[in-house]
Amino acid sequence: AGIGKCVAMDLARRNARTILACRSRERGQAAVEEIRAATGNPAVVLRLLDTGSLASVRAFARAVLQEEPRLDVLVNNAGVTGLPFAITSEGLEQTFTTNYLGPFLLTNLLLG
């Protein structure tokens with residue numbers, strides 16, 4: 001939704017292979033189908049990613065590096081605000097992990 005979906009739509013219009021990295025399979029798949037229909041680009045795919053989980057970030061990066069021949073652009077757009085204080089299963093504060101640690105780790109893992 002929002003800025004991320006607009007960026008994905010623009011990349012798909014430019015005929016780019018576009019990976020939507022989403023926490024929700026249902027919402028992500030709906031966005032994929034909408035973007036494909038609006039752009040005519042069949043190379044829009046969904047991959048699950050929760051930047052609030054470093055294990056999810058590692059799994060996502062590993063899959064992208066194995067499945068994709070190259071990565072030209074990474075848009076770190078996900079973020080949360082206003083959540084009650086919570087600790088992740090990895091012992092980290094949830095908002096800080098989702099907004100900073102997860103995207104930082106993802107970027108570094110994908111640098112190659």
Exercise. Nearest 20 debye, what's the magnitude of the dipole of the chain about its Cα centre given +1 on Lys and Arg Cβ and -1 on Asp and Glu Cβ?
Worked result: 260 debye
Exercise. Taking the Cα atoms of region 3-111, what is the range of coordinates along each of the three principal axes, in descending order and whole Å?
Worked result: 43, 29, 19
For this session: Give me the percent of the accessible area of the chain that comes from carbon and sulfur atoms, probe 1.4 Å, all protein chains in place.
Result: 55 percent
Seminar exercise, completed: Per the helix-only model, the chain has a calculated mean residue ellipticity at 222 nm (DSSP H runs of ≥4, -39500 (n - 2.57) each, divided over all residues, rounded to the nearest 500) of -14000 deg cm²/dmol
Problem set entry | Residue with peak Gaussian network fluctuation, the chain [Cα springs, cutoff 10 Å], from VAL73, VAL57, VAL45 | VAL73
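Only helices at least 20 Å long along their axis, Cα-based, and averaging -1.0 or more on Kyte-Doolittle count here, so list those DSSP H runs from the chain. Don't jump to the answer; show the numbers that get you there.
Values: long enough: 25-39 (21 Å, -0.85).
Helices meeting the span and hydropathy rule in the chain are 25-39.
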Exercise. What residues from region 50-70 fall in the zone where the backbone N is under 19 Å from a label point 7 Å along the Cα-to-C-beta line of ILE87?
Worked result: 52-55
Problem set entry | Candidates ILE19, ILE35, ILE87, ranked by Gaussian network fluctuation over the chain, Cα under 10 Å, top entry | ILE87
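For the chain, what does the accessible surface come to per residue with a 1.4 Å probe? Please give it in Å². Could the numbers behind the result be given before it?
On the way: 7110 Å² over 112 residues.
For the chain, the per-residue accessible area is 64 Å².
Of all trypsin sites (Lys or Arg not before Pro) in region 30-112, which ones are in loop regions per DSSP and have a Cβ with at most 13 other Cβ atoms within 10 Å?
ARG70
The values are calculated or read from the model by the stated rules, or taken from the named source; none is laboratory data. Keep in mind that what you see is a predicted model, and the values were worked out from it rather than measured. All Cβ positions, even for glycine, are placed from backbone atoms using ideal geometry, and neighbour counts span all protein chains on display. Keep in mind that these areas ignore ligands, DNA and RNA; they rest on the heavy atoms of the full protein, side chains included. Shrake-Rupley method; radii C 1.70, N 1.55, O 1.52, S 1.80 Å.
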